[in-house]
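Below is one structure, written out as structure tokens; the observations come after it.
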Amino acid sequence: MLALKLVWDRVSYVLQQDKIRIVLTASLLPGTEIAEHVAEHGDGVKVLALWVDDAEQAFYTALSRGAEAAAFKTLRNDDGEVVLAAIKTYGDTIHTLVERKNYKGIFRNTRRSCRKW
């Protein structure tokens, strides 16, 4: 089991098999960003994250081929750093390129690293 950041407006479940991790999130309250997205689009994918060796290189390659940038940031905590480079795809869907080569934690959490209980 993983310890995750506690928030009151949503619930998330992390499913993992080998290197594949799926995070399923549902709103607990009406009027949140998640609830509004589901009301507009129905159940579906908002963010698709892809594990890459070099997020910056993949990001700029996608931009050179016509992709539109959504975000680029580096997150750091005690377990290292994660580079996130996101591009817009269709509708409101985002593809996030995730570079974890300098991260030693189990699961990235912006507040603190997560540990197995």
Filter result for residue 50 (exposed (fewer than 12 other Cβ atoms within 10 Å of the Cβ), under 20 Å from residue 9 (Cβ atoms) and under 14 Å from the mean Cα position of the chain (by Cα)): no
Residue list for segment 49-70, restricted to those being touching a residue at least 24 places away in the same chain (Cβ under 8 Å) and more than 17 Å from residue 101 (Cβ to Cβ): 62, 63, 70
Test result for residue 65, more than 19 Å from the chain's Cα centre (by Cα) and more than 13 Å from residue 86 (Cβ to Cβ): yes
Test for residue 116: is it surrounded by fewer than 16 Cβ atoms within 10 Å (Cβ to Cβ) and at pLDDT below 90: yes
Residues within segment 20-34 that are within 11 Å of the chain's Cα centre (by Cα) and assigned to a loop (DSSP other than H, G, I, E, B), tallied: 0
Residue 7 being without any contact (Cβ under 8 Å) to a residue 40 or more places away in the chain, in a loop (DSSP other than H, G, I, E, B) and over 20 Å from residue 90 (Cα atoms): yes
Selected residue (criterion: modelled with the highest pLDDT) from residues of segment 93-111 that are buried (at least 16 other Cβ atoms within 10 Å of the Cβ) and assigned to a loop (DSSP other than H, G, I, E, B): 100
Every residue from segment 33-50 that is over 21 Å from residue 71 (Cα atoms) and touching an Asp or Glu at 6+ places or on another chain (Cβ under 9 Å): 35, 40, 41
Which numbered condition residue 61 misses (of (1) surrounded by fewer than 12 Cβ atoms within 10 Å (Cβ to Cβ); (2) modelled with pLDDT of 95 or more; (3) among the hydroxyl-bearing types (Ser, Thr, Tyr)): (1)
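The values are calculated or read from the model by the stated rules, or taken from the named source; none is laboratory data. Note that the structure is a prediction, hence the values are computed from the model and not measured. FYI the Cβ positions are ideal-geometry reconstructions off the backbone, even for glycines, and counts take in every protein chain you see.
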